[in-house]
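Peer 1: Below: one structure in structure tokens.
The values are calculated or read from the model by the stated rules, or taken from the named source; none is laboratory data. Source: prediction; values computed, not measured. Here the Cβ positions follow ideal geometry from the backbone for every residue, glycine too, while neighbour counts run over all protein chains shown. For accessibility, only protein heavy atoms count, side chains too; no ligands or nucleic acids. Shrake-Rupley method; radii C 1.70, N 1.55, O 1.52, S 1.80 Å.
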Amino acid sequence: MTLAPEATSADAGNPAGPAPTFDSIDPGRGTVLGSYPVASDADVADAVARAQEAATWWRARGFDGRRRILKAFKGVLAREIEDLAEVVHLENGKPRSDAILEVAIAIDHLEWASKHAAKVLGPRRVPSGLLASNQAATLEYQPLGVVGVIGPWNYPVFTPMGSIAYALAAGNAVVFKPSEHTPGVGVWLGDAWRRAVPERPDVLQVVTGLGATGGALCRAGVDKVAFTGSAPTGRRVMAACAENLVPVLMELGGKDAMIVDDDADVSAAVDAALWGGMSNAGQTCVGIERVYATDAVYDRFVAELTARAAEVRTGSGDDAHYGPITMPSQVGIIERHIADAVASGGRVLTGGTVADGVVAPTVMVDVPEDSAAVREETFGPTLTVARVRSADEAIERTNATPYGLAGAIFTRSAKRGVALARQMRTGMASINAVNAFSTIPALPFGGVGESGFGRIHGADGLREFSRSKAITRQRFALPIPTTSFRRPPEVTERLVKVIRLVHGRS
Ligand code: TXE
């Protein structure tokens, strides 16, 4: 399958010759899937200017109008789910079934965002309080204008749609710069919007290109940038946005841990660790990379995990559990982490090898906590398993990295599970499951520390792409004015008395 590249205005009549392009490569077969324009600074500025105009129209649709249109967009995604999943499969390398799951979750988020936008963001009366009882106070959340979305390749639909769906539902136009590894997915989404909403194609536009195109988007007059990628690139995006005080949302990497407590269902924990660590070839920001198992369960957990890991099928075929590493340069990082683990005393129980861009399912034990495999984001199908005396020690180790995205806890005690989840220095935690929060649209998604800040999904995700607007309406004039140069002197004395009476006794 060759993906149809998008023609841009830059191609037509360009006196400097054809615009530069870049190729999208199938990581499984190494073939070129399509060639895409590298959008220049001027192309990006044009797209943002068109988006600014479209944003006025989009905002004027109101919540109901936008819901109707987002339903039409959702309909296209749902009807053509297999087509979009095929592009994801080809460009990212993940199995078709995983690509379908990814698109399905994104559609569910789009539905939630458009359905709940009015309730979360619409005008509401708030109490006026003691000193302004003559005022009617209203709070509402207004769109920002144009949101620039810079996306990654690992979940090229789910991840950017976490920003796009919520930004659109909140009334913003969007300019989306997909990863250079998955441009076809981005272009597909832009085309889907044009088919669903032919009268206003500029509400959701896609500009393709490399990092510099992302940088241009930061400087093109957008009202916010939602970035998903690595922390170093995130810093560059923030620096570019700082030039014009453009606010940013940062969804960065993670080094998520799973804690397996004394009373855990070990088989369920093994199953979840395998999926959490190795699905999508481990290229998941909320993927499990470390496991801390208590003395009571460690031996059983390691034995079962190693046996089950050996059953994991890899490759590009339809029966594969996961595929090749999407970005060739990532293979070097994964190999370095495995080598560093071994050099510092760790043992590879299974896997540790790479063939045709596929990293074998890898389980490592006895890896020191200061090794790269435990401290840095590996982004590959590897798991380190460490023995701990207790879940409390596991929490200490879990929290000892600069990352703080998500984590998982396995225990039969609901109370203990929730207590441990609260102690994890992360934005999200699942008990007796992995990544369950991603599939629940009402829950916010985001991290702390090096994992970033800001939230997509849920009510917080809608508010992230809005600005609060406070409106007061004076219902009647106070008999004695407090905010006027005509204020009589005794008002201050009375105010002191009232404040003492109401607040002074606590
Ligand atoms: O991300 P980058 P990459 C982690 C993971 C992976 C590493 C690198 O560890 O190994 O990041 O992946 C655009 N100004 N995650 O190279 O470089 C770029 O074009 C503006 C975690 O894909 O961060 C792409 O669209 N934009 C993760 C996007 O930024 C720039 C998901 C991401 O690129 C830019 C993916 C610049 N100067 C990788 N330079 C997660 N949180 O899920 C690049 N870009």
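Peer 1: With the cut-off at 1.5 for a/c, could you classify the chain from its C-alpha gyration tensor as rounded, prolate or oblate?
Peer 2: oblate
Peer 1: In the chain, what % of DSSP beta bridges are antiparallel (nearest 5)? Kindly include the intermediate steps, with their values, before the conclusion.
Peer 2: Numbers: 25 of 62 bridges.
Roughly 40 percent of the DSSP beta bridges within the chain come out antiparallel.
Peer 1: Largest first, how would Asp26, Asp223, Asp392 line up by accessible area (1.4 Å probe)?
Peer 2: Asp392, Asp223, Asp26
Peer 1: With the cut-off at 16 Å, report for segment 161-219 the share of all Cα pairs above it, as a whole percent. Walk me through the intermediate numbers first.
Peer 2: On the way: 752 of 1711 pairs.
Of all Cα-Cα pairs in segment 161-219, 44 percent lie more than 16 Å apart.
Peer 1: Quick query: amide H of Leu144 versus all other amide H atoms, modeled in the peptide plane; which residues come in under 5 Å with a sequence gap of 5 or more or a different chain?
Peer 2: Arg467
Peer 1: I've got another one for you. Could you report the accessible area of Arg235 in Å², rounded to 10, computed with a 1.4 Å probe on the protein chains as they sit in the structure?
Peer 2: Counting only protein heavy atoms, Arg235 exposes about 130 Å² to solvent.
Peer 1: Given a Förster distance of 41 Å, report the FRET efficiency between Ser344 and Ala72 from their Cβ-Cβ distance, rounded to the nearest 0.05.
Peer 2: About 0.15, to the nearest 0.05.
Peer 1: At 1.4 Å probe size, with every protein chain present, just tell me what the per residue accessible area of the chain comes to in Å².
Peer 2: Counting only protein heavy atoms, the per-residue value for the chain is 42 Å².
Peer 1: May I pose another question? Might you report the magnitude of the Cβ-based charge dipole of segment 256-441 about its Cα centre, with Lys and Arg at +1 and Asp and Glu at -1, to the nearest 20 debye? Mind showing how you got there, number by number?
Peer 2: Values: 15 positive and 24 negative charges, 71 e Å.
In total the dipole reaches around 340 debye.
Peer 1: Report the label-to-label distance for Glu493 and Met238 in nanometres (one decimal), using points 7 Å from each Cα along the Cα→Cβ vector.
Peer 2: 5.4 nm
Peer 1: Rounded to the nearest percent, how much of the accessible area of the chain (1.4 Å probe, protein heavy atoms only) is carbon and sulfur?
Peer 2: 55 percent
Peer 1: Could I ask something else about it? Angle between the Cα long axis of helix 295-309 and the longest principal axis of the chain, 0 to 90 degrees, nearest 10?
Peer 2: The angle comes out at about 70 degrees.
Peer 1: Using Cα pairs under 8 angstrom and six or more residues apart, how large is the relative contact order of the chain, in percent?
Peer 2: Here the relative contact order equals 17 percent.
Peer 1: Follow-up question, since we're still on this one. Keeping all protein chains in place and using 1.4 angstrom, which order do Arg124, Arg455, Arg486 fall into by accessible surface area, from largest down?
Peer 2: Arg486, Arg124, Arg455
Peer 1: List the aspartates and glutamates whose alpha-carbon lies under 17 Å from that of Lys177, not counting same-chain residues fewer than 8 positions away?
Peer 2: The qualifying aspartates and glutamates are Glu6, Asp23, Asp41, Asp43, Asp46, Glu91, Asp191, Asp202, Asp223, Glu251.
Peer 1: Which chymotrypsin sites (Phe, Trp or Tyr not before Pro) in segment 435-502 pass both tests, a DSSP loop state and at most 16 other beta-carbon atoms within 10 Å?
Peer 2: Here the sparse-neighbourhood loop sites are Phe476, Phe485.
Peer 1: Can you give the extra length, in nm with one decimal, that the chain gains between Leu501 and Arg29 once fully stretched, where that is 0.36 nm per residue apart less the Cα-Cα distance?
Peer 2: The span from Leu501 to Arg29 would gain 162.2 nm if fully extended.
Peer 1: Divide the volume of the convex hull of the Cα atoms of segment 266-362 by its number of residues and quote the answer in cubic angstrom per residue.
Peer 2: On the way: hull volume 10.0 nm³, N = 97.
Cα convex hull per residue, to the nearest whole number: 103 Å³.
Peer 1: A further question on this structure: Rounded to two decimals, what ratio of Rg to Rh does segment 256-441 give with C-alpha atoms and a Kirkwood Rh?
Peer 2: 0.94
Peer 1: State whether segment 460-506 is rounded, prolate or oblate according to the following rule on the C-alpha gyration tensor (a ≥ b ≥ c being the square roots of its eigenvalues): a/c under 1.5 gives rounded; otherwise a/b larger than b/c gives prolate, and the remaining case gives oblate. The partial results should precede the final answer.
Peer 2: On the way: a/c = 3.84, a/b = 1.73, b/c = 2.22.
Taking the square roots of the gyration eigenvalues as a ≥ b ≥ c, segment 460-506 is oblate.
Peer 1: A further question follows. Would you mind checking the tilt of helix 62-79 against the longest principal axis of the Cα atoms of the chain, expressed as 0 to 90 degrees and rounded to 10?
Peer 2: Rounded to the nearest ten degrees, it is 10.
Peer 1: Here's a follow-up. How about segment 236-322: which GluC sites (Glu not before Pro) there are in a DSSP loop, with at most 10 other Cβ atoms within 10 Å of their Cβ?
Peer 2: Glu243, Glu311
Peer 1: Another one. Enter the angle in degrees (range 0 to 90, nearest 10) between the Cα long axis of helix 328-343 and the first principal axis of the Cα atoms of the chain, meaning the one along which they spread out most.
Peer 2: 70 degrees
Peer 1: Which FRET efficiency, nearest 0.05, do Ser230 and Thr482 yield, Cβ-Cβ r, R0 60 Å?
Peer 2: Efficiency for this residue pair is about 0.65.
Peer 1: If you don't mind, another one. Nearest 500 deg cm²/dmol is fine: what mean residue ellipticity at 222 nm does the chain get from its DSSP H runs of n ≥ 4 alone, each adding -39,500 (n - 2.57), divided by its residue count?
Peer 2: When only DSSP H runs of four or more count, the value is -13000 deg cm²/dmol.
Peer 1: Below 8 Å, C-alpha to C-alpha, sequence gap of six or more: please give me the relative contact order for segment 232-384 in percent. Mind dumping the intermediate values first?
Peer 2: Numbers: 260 pairs, mean separation 37.0, N = 153.
Worked out over segment 232-384, it gives 24 percent.
Peer 1: Taking +1 at the Cβ of each Lys and Arg and -1 at the Cβ of each Asp and Glu, which of Ala355, Thr384, Ala257 sits farthest along the dipole of segment 256-441 towards its positive end, judged by Cα position relative to the Cα centre?
Peer 2: The one lying farthest along the dipole's positive direction is Ala257.
Peer 1: So, in nm, how far is label Ala303 from label Leu131 when the simple model puts each one 7 Å beyond its Cα toward the Cβ?
Peer 2: Distance between label points: 6.9 nm.
Peer 1: Taking the Cα-to-Cβ direction at Glu335 and at Asp191 and moving 7 Å from each Cα, how far apart do the two end points lie in nm?
Peer 2: If labels sit at Glu335 and Asp191, their model points lie 3.6 nm apart.
Peer 1: On to the next question. With a ≥ b ≥ c taken as the square roots of the eigenvalues of the C-alpha gyration tensor of segment 74-154, please select rounded if a/c is under 1.5 and otherwise prolate if a/b is larger than b/c or oblate if it is not?
Peer 2: prolate
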